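The values are calculated or read from the model by the stated rules, or taken from the named source; none is laboratory data. As the structure is a computational prediction, the values presented were derived from the model and not from experiment. Cβ: placed from backbone, ideal geometry, glycine included. Neighbour counts: every protein chain shown. Protein only, heavy atoms only, side chains kept; ligands, DNA and RNA dropped before computing areas. Shrake-Rupley method; radii C 1.70, N 1.55, O 1.52, S 1.80 Å.
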Amino acid sequence: MVSGLRNQVRPAIGKLILIFLIVFVIRAVFAVSRVASWDEADFALGLVTYDIFHMQPHFPGYPVLIALGRMLNVLVDHEVYALSLVSALAGGVTTAAAYAWMTRFLSGMNLTARMKRWGPWLLVLLLTVHPVFALSQIQPMSDALGLCFVVLLFGCTWRSLESGRTQRERWGLYVLACVLAGLLVGVRISYFPVGFLLLMPWWMSFARQRTWWKGICAAGIGLLTLIASIALWLLPTAQTEGGLQPYLALGASFTEGHFQEWGGTAATSGSLAERALHWLIEQGWWAGGFGTYPDAFASYGLHGWSVAAVGIWTALLIGFVIFAVVWKGHNRHAHSSARHATTAQDAGLADLNETNRMMPFSPSVDGESDVMAGGAHGNETHAGSDAVPFWLRASYVALAVVPYGLWSFFGQNAAKWRHNLPLYVWLMVGVIVIGFTVYRRWVRSPADRGRGGMLKGLFAAYVIVLLMHTAVHYVDISNDQPVHRLVEQVQQLEATEGPLVLYTWEEKRVFDVYAPEITVVRLLQFERWTQSAAAYRPAVKQMLLTNKVLEGFNRQQVPSLQPYVTRIASWRGNAFLDPVYHDIELYALDIERYWRDQNWN
């Protein structure tokens with residue numbers, strides 16, 4: 001028995017190691033070595049001097065990411081590349097963990113053995129080629145490491161639901177899930193709604209207790225484990241800022257700024273209807289479905305083929321649905337004859353299996369349903385001891401998706417696709433499960449293989465579209481971004497024209513990394529600008545502004561600066577790599593003329 005178990009475990013571990021190595025090598029080859037945004041600069045500066053008060057990095061400090069980054073930085077001696085390698089390692093672990101989790105998730109579902117065998121590999125393929133995962137796993141950010149902990153939490157909580165588990169195993173998985181959730185908050189605090197999944201193993205433990213106080217004890221143990229896991233990183237991090245009280249005060253200030261000023265939340269974004277439309281179409285269909293935006297490649301004229309590829313695939317999908325529905329009467333005579341030849345008992349069993357076929361989350365009827373539905377596949381499936389009831393499976397999916405979906409919509413920046421990574425994992429799972437369900441429903445006999453071939457071709461075309469987008473994104477991210485060109489332009493202007501001051505917004509952080517000698521002021525408020533301009537006016541020969549500053553002034557009903565500015569240069573990059581700062585314009589302000597016209601002394 002022990003040798004048989006070892007023979008089963010060794011191939012599984014070998015597959016996970018292989019998946020990890022392939023994904024890690026791919027990501028490491030394309031790992032980013034330059035910062036191009038405020039958050040990336042925060043993390044890179046945090047490896048040099050850890051100071052949350054000066055946003056190196058920002059609250060809560062991301063101690064797990066910084067610790068791993070410093071370990072790798074000893075080997076590579078490059079802060080940005082070290083953080084990108086952390087993301088690459090996390091990408092390998094995420095994909096391998098997703099394979100293991102998907103294997104368990106499909107177990108007991110009303111699918112053929114072949115589908116259950118290939119489903120995890122299809123998820124690995126999608127997670128590898130999809131641009132949202134491919135990009136996040138090569139950038140010096142916390143997103144990839146956070147998603148790694150999320151997928152591990154998915155797998156841990158799911159295994160605790162399986163019916164074949166002993167009570168001791170459930171307790172162990174419950175405690176492990178609480179540890180993962182506590183560390184997850186230290187890796188990426190915005191993923192905290194995923195912690196609602198902890199209710200699932202707690203409920204399983206509670207439901208199996210004969211007395212209510214044992215269920216309360218289970219909840220207490222889980223809560224204490226969660227608090228201890230959070231304290232493991234929170235207390236040392238708080239000490240870097242002088243103690244827990246100043247650390248939490250810093251967090252309160254940061255949270256207020258996130259929700260009231262610059263966070264891009266629902267509280268500051270205007271119409272909820274417009275936000276919902278953008279969230280569903282831009283972040284759901286385009287980013288989540290295809291890993292791009294309609295105008296992502298507009299700067300060099302490639303947006304046409306991207307939009308065309310997505311449009312053609314969508315048309316093929318619609319065409320396939322219409323074709324399959326119209327062709328539903330094909331081979332009807334043969335099926336009718338088979339029905340007349342069955343006994344009443346066989347007919348009842350066929351009706352039961354037809355119902356199961358319509359519900360992919362229902363357990364398989366021992367062998368028969370898969371034989372009947374999968375005549376063209378020749379595979380037989382049995383519900384194993386690890387099967388999970390439909391209601392429990394549905395509750396698990398709801399707890400994993402709904403809380404985080406609401407948080408992403410109301411509490412996150414709707415302009416940035418990276419905030420939706422946990423939802424995109426479920427989107428890929430949904431693509432696979434729905435595809436398998438449709439295949440089983442519409443491909444019932446060898447005569448229906450034409451529709452099966454069309455469905456397979458549709459999936460292959462989808463993967464090709466994802467791969468093309470990822471390839472273009474990888475090329476773009478290896479080249480200079482608009483913010484890099486802005487830094488070079490300003491450095492040249494100061495070298496040739498003399499001292500200057502640049503007013504900008506988030507681009508300032510990149511200057512802190514690559515051009516700290518340049519005087520850069522970060523602001524959006526006109527009143528603050530007038531005070532700063534009055535102070536710098538005698539000492540500088542040029543006063544520069546970016547388009548984000550001017551746009552901020554235009555929304556404040558203040559005297560327009562447009563008649564007094566001249567555009568020096570403009571750069572447009574890939575809108576998917578940076579949805580906010582892919583379009584940068586640099587302006588020079590005639591400050592003396594503006595001062596005279598405003599009658600300021």
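Brief remarks on what is shown
- Consider the stretch 24-58 and keep the residues that are more than 20 Å from the chain's Cα centre (by Cα) and aromatic (Phe, Trp, Tyr). The one that is modelled with the lowest pLDDT is Phe53.
- Considering each residue of the stretch 547-568 in turn, at least one proves to be surrounded by fewer than 17 Cβ atoms within 10 Å (Cβ to Cβ), among the hydrophobic types (A, V, I, L, M, F, W, C) and not in a loop (DSSP other than H, G, I, E, B).
- Boolean, Asn413 is within 30 Å of Ala515 (Cα to Cα), in contact (Cβ under 8 Å) with a residue 24 or more places away in the chain and surrounded by fewer than 21 Cβ atoms within 10 Å (Cβ to Cβ): yes
- Set side by side, the residues Tyr247, Tyr293 differ, and just one is farther than 25 Å from Lys416 by Cβ, hydroxyl-bearing (Ser, Thr, Tyr) and either open to solvent by 60 Å² or more (accessible area, probe 1.4 Å) or at pLDDT 75 or above (or both), which is Tyr247.
- Any hit, the stretch 561-571, residues being within 29 Å of the chain's Cα centre (by Cα) and within 27 Å of Ala414 (Cβ to Cβ): yes
- When residues of the stretch 40-54 are limited to those that are touching a residue at least 60 places away in the same chain (Cβ under 8 Å) and of a type in the set (A, V, I, L, M), the one farthest from Pro140 (Cα to Cα): Ile52
- Check on Gly222, closer than 27 Å to Pro57 by Cβ, in contact with a helix residue (DSSP H, G or I) (Cβ under 7 Å, 6 or more places away or on another chain) and surrounded by 20 or more Cβ atoms within 10 Å (Cβ to Cβ): no
- All positions within the stretch 589-601 that are open to solvent by less than 30 Å² (accessible area, probe 1.4 Å) and not in a helix (DSSP H, G or I): Leu589
- Taken over the stretch 408-426, the criterion of being within 17 Å of Gly270 (Cα to Cα) and not aliphatic (A, V, I, L, M) is satisfied by Ser408, Phe409, Phe410, Gly411, Gln412, Asn413, Lys416.
- Output for the stretch 391-407, where each listed residue is in contact with a helix residue (DSSP H, G or I) (Cβ under 7 Å, 6 or more places away or on another chain) and free of Cβ contacts under 8 Å to residues at least 40 places away in the same chain: Val401, Gly405
- Qualifying residue in the stretch 130-148 (condition: surrounded by fewer than 24 Cβ atoms within 10 Å (Cβ to Cβ) and part of a helix (DSSP H, G or I)): no
- Matching entry among Thr112, Thr103 (being farther than 19 Å from Trp233 by Cβ, open to solvent by less than 20 Å² (accessible area, probe 1.4 Å), touching a residue at least 12 places away in the same chain (Cβ under 8 Å) and β-branched (Val, Ile, Thr)): Thr112
- Selection within the stretch 82-95 - open to solvent by 10 Å² or more (accessible area, probe 1.4 Å) and either closer than 28 Å to Arg117 by Cβ or not in a helix (DSSP H, G or I) (or both): Leu89, Val93
- Taken over the stretch 303-318, the criterion of being over 14 Å from Leu467 (Cα atoms), at pLDDT below 75 and not aliphatic (A, V, I, L, M) is satisfied by His303, Gly304.
- Total residues in the stretch 170-181, condition open to solvent by 20 Å² or more (accessible area, probe 1.4 Å), touching a helix residue (DSSP H, G or I) at 6+ places or on another chain (Cβ under 8 Å) and not aliphatic (A, V, I, L, M): 1
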